[in-house]
Amino acid sequence: MCVLPQNGSVMMTALKSRVATTITHQTAIAWIGLYCLAVVMGFGRFLFTATLPDIMTQLSLTTVIAGWLASVNYSGYFIGALIAMFVPQRLTWQMLITWTAVSIVTTMLLVVPNLSLNSWYVIRLLSGIASGVAMILSSSLVIQSFSDERRSVLSALHYAGIGVGISASAVLTWWLLALGYHFDIIWLVAGIISLPLLWLLYAIRPQSLISSASHSSQSTSSNLQSFQQKALKSKPAELNHNNQRLSVPQAYRNFKRSLYEAAAGHSKAIALLSASYVLAGFGYITSATFLPVMATQRLTAQSYAGLLIWLVVGIFAMLSNPIWGALAKRIGESKTLMGLTLLQAFGMCLPLWFNGAVGLYGNAVILGLTFVGMVSMTLNLIKNINPAYSNLLIGLATLAYAIGQFIGPLVTVALAGKQDNFNADLLVAASGLLLGLVLVFFFQRQTQRQSQPSFN
């Protein structure tokens, strides 16, 4: 009689193993990371840009309200980045899958008819928080799974998810608008497309990675173990509490201690790069929020001009990291970042110099080529300032970027005025980027000065 339970147990175990798929292949994990960024960034954040002209038409929204909806989302991104900074390493996967689910739910909620404006604000705020948390934690979880030899290539594949999401948001919006649907159905379909991500994230849970590595290969686990060992030596206070439930005051004290240790001897470099990143977030966000609206205003003879332009942004965003990553290997990340900043400032001026399609499409191409590359270059630079505290420094940089993104749309709607003229906004954005370029230059000089003694 004991055989039957044993057989039943075996069958249940086999069934669970089939349902709970374990994915450990590095390339597969990179593709899952791409999918994650496409969902939480491409849909969670930038689908709003693609659908904004239709939202403004269907709901009779002014540019001011549209700007506030954008800023609320970006303020949520700030909060999300702050939350991610306090997430212990052991909870990375759990928090990632939770906030990814929140991102998908808030995307689908916009199908609800007759939502109040306050409901819109709450939903966009939660969506921004989810984007901030998932962006940082997915990058942390996914990139740490790569071997040193393949990290640069697979990281570029992971970050291409932002461009893929932007392109998908443009194509999806274009397709459903052509079929006669509006923004509510577009957001619902985007949410449905996103649902398989939850199963894929479950398949790369750390428990399965560790267990599979102990039986077959040690490539992934050795990377994680070496990372943990380095962190243990440099951050004993933080890691020793990983297995305990910390109170809020204790977590705050640990955070302050880690922040002090991370900035020790590097405060000027961190301040310069963070300030430039604020201006980078401020500089790109005018186009990243209102470019389709500008296209709808100026290119009235072209159907779906705004969506075509937004698709151009997404396509070139996918190409960004491989191009600039290769250049950075030749001339260094600081010089590459300066070149990207100057190029983006030039792109902001194109709609001022050329009033028609040339200016807008040129802006779209340069925006797509630069903004993802600027993000990856800045994050690589700041984490390399003190690698033992890379997660903390990446979180600080993301906070800086979020501040710029929050301010940008508010300045845009203030300068656009009742005429919805975005020329002054583009000029201010270009000026902010040029100031950021100067700060990156001084950052490079500061880091060179700090590294000089090591060569003596």
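Of the residues making up the range 266-300, those that are outside any helix (DSSP H, G or I) and closer than 20 Å to Thr173 by Cβ are Leu299, Thr300.
Assigned to a helix (DSSP H, G or I), at pLDDT 90 or above, crowded, with 24+ Cβ neighbours inside 10 Å and of a type outside the set (Asp, Glu): is that true of Met338 in this structure?
When the stated conditions are applied, Met338 does not pass them.
Residue check: is Val122 of a type in the set (A, V, I, L, M) and surrounded by fewer than 18 Cβ atoms within 10 Å (Cβ to Cβ)? Explain how you work it out, then say what you get.
Numbers: of a type in the set (A, V, I, L, M): yes; surrounded by fewer than 18 Cβ atoms within 10 Å (Cβ to Cβ): yes.
Yes.
Do you know which of the residues in the range 301-318 that are modelled with pLDDT under 85 and at negative phi is surrounded by the fewest Cβ atoms within 10 Å (Cβ to Cβ)? Lay out the reasoning, then the answer.
Applying the first criterion (modelled with pLDDT under 85) to the range 301-318 yields 301-306.
Among the residues that remain, those that are also at negative phi are: 301-303, 305-306.
Values: Ala301: 7, Gln302: 13, Ser303: 11, Ala305: 21, Gly306: 28.
Out of the qualifying residues, it is Ala301.
For Arg449, the conditions (1) of a type outside the set (Gly, Ala, Ser); (2) within 16 Å of Ile270 (Cα to Cα); (3) touching a residue at least 40 places away in the same chain (Cβ under 8 Å); (4) surrounded by fewer than 21 Cβ atoms within 10 Å (Cβ to Cβ) all hold with the exception of (3). All told, Leu279 meets the bar of being crowded, with 22+ Cβ neighbours inside 10 Å, closer than 22 Å to Leu426 by Cα and at pLDDT 90 or above.
If I ask for residues that are part of a helix (DSSP H, G or I) and over 24 Å from Asn321 (Cα atoms), which ones from the range 19-60 would you list? Working first, answer last.
To start, the set of residues in the range 19-60 that are part of a helix (DSSP H, G or I) comprises 19, 26-43, 47-59.
Scanning the range 19-60 gives Val19, Thr51, Leu52, Pro53, Asp54, Ile55, Met56, Thr57, Gln58, Leu59.
The values are calculated or read from the model by the stated rules, or taken from the named source; none is laboratory data. On a predicted model such as this, the values are computed, not experimentally measured, just so you know. Backbone-built Cβ (ideal geometry, glycine too); neighbour counts: all protein chains shown.
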